[in-house]
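To start, the structure itself, in structure tokens.
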Amino acid sequence: MYHTLFDYLTHTEGATYILIGVFLISFIGFWRFLTEREREE
Amino acid sequence: MSVATADGGRNGIFTPFNLVTGVILLGGAIILTIRFTTGLASTTNLSNTNPWGLWIGFDVMAGVALAAGGFVISSAVFLFGMKEYQSVVRPALLTGFLGYALVVLGLLADLGRPWRLPFPFIKQAGPTSPLFEVSLCVALYLTVLFIETTPAVFEWLGLKWWRQLVGKLTIVLTMFGLILSTMHQSTLGAMYMVTPTKLHPLWYSSQIPVQFFISAIAAGISMIIVEGWVSHSAFHHQAQISDEEFRNINFGLAKGGAVVLVTYLAVKVVALSLENEWRLLATSWGAWYLVELIGFVVAPCILFVVAYRERRLGLARLAAAMTVLGVVLNRFNVTFIAFNWQVPQEMRYAPAWTEVWVTVSLITFAVVVFRWVATRMPIMYDHPDYPALH
Amino acid sequence: MSMSRRGFVGALAVGAGAFSSDTADAGTIEHFEGYPDRYGLLHDTTLCVGCRSCEVACAKVNALPKPKQKAGDLDIFESVRRTTTTAYTVVNRYQEADGETPPVYRKLQCMHCNEPCCAAVCLVHAFTKTPEGPILYDPEVCIGCRYCIMACPYYALAYDYDNPIDPQVLRCTMCYSRIRDGLNPGCADACPAGAITFGRRDDLLKVARDRIRKFPDRYINHVFGEYEFGGTSWLMLAGVPFRELDLHDGVTHESLPAIGTSYLSVVPLIVTIYPGLLAAFYAFTKRKDTLAKRELEAALAQAREDAQEEMKVGLSKAAEKAKKDKERAVETAVKKALAEQGEGGPS
């Protein structure tokens, strides 16, 4: 339980940074998977 | 590729350029040595009331904005297909890389404990801090810019396999660079959201992040024009594009500059309107604000418009220089002129000459490196062995 | 590289699993009360006589050099002072004595805000808000960026600009170790005029409101620090408007961390939206290029066809002309032959 906004934000913003980092890297894989056929040509 | 010297190599190493830059750099090195051996007080006018001064205001805040040309032009060429600007991509990326390197160097001079620079990532993170976001993005973006300048290096060194590898990364790097730039350009402005009582209301706005981002684009476009202006005569012997093509590129950039500046003007006026600050314009601070807005946003915008319509290169260059100065002025206002505006006069900040000298040294260093690289490597021209990037 | 479907989904699952929250407590509209029973201090500026005993006590407790100017030396009040690396608290005179009206003093120090903006802007999380109330600073992680000093609205932080090796951010600590030992902060014990009271913040608020109620002519009807920028641990009472004490009056109750970090919610949006958006722009650009190329090829092919057609038509026209010329030539020759025959024929 967070008593201060500061502690709460530290947790949520920290977790969000990690989340978007994972998203960015995954997006590359996602895109390559989606456009696999275009590269086979 | 042989090195062509301005005076035909008569003086050897002691050319006027080398002498002037050498003195500046030597002075900077001496001042920084004093700074690192005795502390910041000996070489700066920083205080507890004014913890951030010229090194943050120019080296970091203005430096990042002026280095924005890299992401602007690479996005235009590689993501939006404006291939006619291909020839200015490499100079812009090199300017960008050196600009961000200057930011980091300036930061290393300003930080109390610069050897702890990586601490937010390796020791303990403060994710609530906008500065955390800025440092993360700047670190990543500096890496991106570094990789984006390696194709010219690999071509120069004849490393074909490496050159082809980094060539394949162009699109991904450009996209990543645009994402990172949008974020940190905006967040540099957002750093001031936490000081509503210290930054004058005409500059303080909930929209300062957007204002910083758009003005950075204007600064980036203008820096490409300015850099081309300075380089065009110095590197004329390398140029492969015709004068006509060079002029067309400049006019295209002027057109872009006009559009961006009018957008920026609109955003600033909207902020005045939303925060109902019209009456503040009648104060002395308001007059100063109008100097920044009219003299360094509206005026260059008009000059860009006329330059594009009438095809006058000189006007475009003047407009570009004014825009650059205007962005620098804006960053100075936000950092130490309109910041602490209510503090008594005797406690206000003005930079020490040593601070100015160090800043000038860093700029000189960037110019020297730029010149060294552009004289030897395919920046201003395409290497005959390699097809044009993407 | 060809990524199998299974491989991709597997990678996603690992990423998602690493991200589970243990405290599922968060409601949608967050309101944070702070640590219950935390301490605070009440500074009644109407009782302060400017003796600066608090400064002396603070220096003693924190092993700092004793303030140079003695208590009776009124010259020190000629200018407004701020805290320094060797003076974690200072007393300023904001109004001189005026006939019957006594001079007005106020003690400055770190306010130990409920939601500290120094903590919120620190990129290495060097500040912590303790359950007892004081805000602590960790010099082991500080990199010296001085964002905290720049942000503090009370100008409460000082930096060691003279120290090249181990510069620190220095400020009042609310005598954290003394509080933990059950003692009062040094300044609270030292004040002879009762201008500083130490206790639980909730209790002090009651005391403050009580005093205002009992002596409405003596006090401005406001406890400064109750809500300003989310509230502070140091509460103030005054007989003059707080603005005259160099305190920002009438600011929002929203905390500076909330204001200063509200923008950061945009950052994840940029990271999540730009990739798809830019991929779309790039695909659009490539499509335009491909279409332009195809159009160009089609135009070239058409031009080639047209040229061939023209050539064919030209050739057939030439053939026609040649044929006609030939016929005319034959006709002329026949006529000539007939004419010659008519002249020199059998008679």
So, in region B:306-349, how many residues would count as being in a helix (DSSP H, G or I), surrounded by fewer than 17 Cβ atoms within 10 Å (Cβ to Cβ) and among the basic types (Lys, Arg)? 1
Please tell me if A:GLU38 is more than 7 Å from every other protein chain (Cβ to nearest Cβ), assigned to a helix (DSSP H, G or I) and not hydroxyl-bearing (Ser, Thr, Tyr). yes
Can you pull out the residues in region C:143-156 that are more than 7 Å from every other protein chain (Cβ to nearest Cβ) and within 28 Å of B:PRO118 (Cβ to Cβ)? C:CYS148, C:CYS152
When region B:230-273 is checked residue by residue, the ones that are within 14 Å of B:TRP203 (Cα to Cα) and touching a residue at least 12 places away in the same chain (Cβ under 8 Å) are B:TYR264, B:LEU265, B:VAL267, B:LYS268, B:VAL270, B:ALA271, B:LEU272
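The rows are residues; the columns are (1) part of a loop (DSSP other than H, G, I, E, B); (2) touching a Leu at 6+ places or on another chain (Cβ under 7 Å); (3) surrounded by fewer than 23 Cβ atoms within 10 Å (Cβ to Cβ); (4) not assigned by TED's automatic domain parsing to the domain that holds C:THR89.
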{"site": "C:ASP189", "(1), (2), (3), (4)": "no, no, yes, no"}
{"site": "C:PRO192", "(1), (2), (3), (4)": "yes, no, yes, no"}
{"site": "C:VAL207", "(1), (2), (3), (4)": "no, yes, yes, no"}
{"site": "C:HIS222", "(1), (2), (3), (4)": "yes, no, yes, no"}
{"site": "C:GLU226", "(1), (2), (3), (4)": "yes, yes, yes, no"}
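This table checks each residue for (1) among the basic types (Lys, Arg); (2) over 18 Å from B:LYS198 (Cβ atoms).
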position: B:ARG279; (1), (2): yes, yes
position: B:ALA282; (1), (2): no, yes
position: B:TRP288; (1), (2): no, no
position: B:VAL297; (1), (2): no, yes
position: B:VAL306; (1), (2): no, yes
position: B:ARG309; (1), (2): yes, yes
position: B:THR323; (1), (2): no, yes
position: B:VAL328; (1), (2): no, yes
position: B:VAL334; (1), (2): no, no
Helices (runs of 4 or more DSSP H) (entirely within region B:121-219) containing at least 2 residues that are within 11 Å of chain C (Cβ to nearest Cβ): B:130-157, B:170-190
Residue by residue through region A:1-19, note down the ones that are within 17 Å of the chain's Cα centre (by Cα) and more than 10 Å from chain B (Cβ to nearest Cβ). A:LEU19
Say whether the condition of being touching a strand residue (DSSP E or B) at 6+ places or on another chain (Cβ under 9 Å) and in a loop (DSSP other than H, G, I, E, B) is met by at least one residue in region C:256-277. no
Check on B:GLY126, more than 27 Å from B:LEU362 (Cα to Cα) and of a type in the set (Gly, Ala, Ser): yes
Of all residues in region C:41-82, count the ones that are outside any loop (DSSP other than H, G, I, E, B) and touching an Asp or Glu at 6+ places or on another chain (Cβ under 8 Å). 1
For region C:173-209, name all the residues that are among the small types (Gly, Ala, Ser) and touching a residue at least 60 places away in the same chain (Cβ under 8 Å). C:GLY186, C:ALA188, C:ALA190, C:ALA193, C:GLY194, C:ALA195, C:GLY199, C:ALA208
Being among the charged types (D, E, K, R), out of contact with any Pro (no Cβ under 6 Å at 6 or more places or on another chain) and facing chain B (nearest Cβ under 7 Å) is true for just one of C:ASP162, C:ASP202, C:ASP181. Which residue is that? C:ASP162
Can you name the number of the only condition in (1) under 26 Å from C:VAL49 (Cβ atoms); (2) not in a helix (DSSP H, G or I) that C:GLY182 fails? (1)
Can you confirm whether region B:364-385 contains a residue that is under 20 Å from B:THR44 (Cα atoms), assigned by TED's automatic domain parsing to the domain that holds B:THR150, of a type outside the set (Lys, Arg) and touching a residue at least 40 places away in the same chain (Cβ under 8 Å)? yes
Count - residues of region C:35-68 that are modelled with pLDDT under 90 and surrounded by 17 or more Cβ atoms within 10 Å (Cβ to Cβ): 1
Quick check on region B:340-369: of everything there that is aromatic (Phe, Trp, Tyr) and under 17 Å from B:ASP59 (Cα atoms), which residue is nearest to the other protein chains (Cβ to nearest Cβ)? B:TYR349
Filter result for B:LEU280 (farther than 25 Å from B:TYR308 by Cβ, surrounded by fewer than 17 Cβ atoms within 10 Å (Cβ to Cβ) and not assigned by TED's automatic domain parsing to the domain that holds B:VAL305): no
Just to be sure I understand the filter: pairs with C-beta atoms under 8 Å, separated by 6 or more residues or on different chains, first member in region C:123-144 and free of Cβ contacts under 8 Å to residues at least 12 places away in the same chain, second member assigned to a loop (DSSP other than H, G, I, E, B). Which pairs pass? C:THR128/C:ASP138
Quick check, is C:LEU235 buried (at least 17 other Cβ atoms within 10 Å of the Cβ) and either in contact (Cβ under 8 Å) with a residue 60 or more places away in the chain or not in a helix (DSSP H, G or I) (or both)? yes
Quick one: B:VAL230 ticks every box in (1) under 22 Å from the mean Cα position of the chain (by Cα); (2) surrounded by 15 or more Cβ atoms within 10 Å (Cβ to Cβ); (3) not hydroxyl-bearing (Ser, Thr, Tyr) except a single one, so which number is it? (2)
Out of region B:146-166, which residues are farther than 19 Å from B:ARG376 by Cα and surrounded by 18 or more Cβ atoms within 10 Å (Cβ to Cβ)? B:VAL166
Of the conditions (1) at the interface with chain C (Cβ under 8 Å from one of its Cβ atoms); (2) in contact (Cβ under 8 Å) with a residue 40 or more places away in the chain, B:GLN86 fails just one. Which one is it? (1)
In region B:37-52, how many are small (Gly, Ala, Ser), more than 7 Å from chain C (Cβ to nearest Cβ) and part of a loop (DSSP other than H, G, I, E, B)? 1
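The values are calculated or read from the model by the stated rules, or taken from the named source; none is laboratory data. In this text the structure is predicted, and so the values were computed from the model without any measurement. Positions of Cβ are generated from backbone atoms using ideal geometry, with glycine treated the same way; all protein chains shown enter the neighbour counts.
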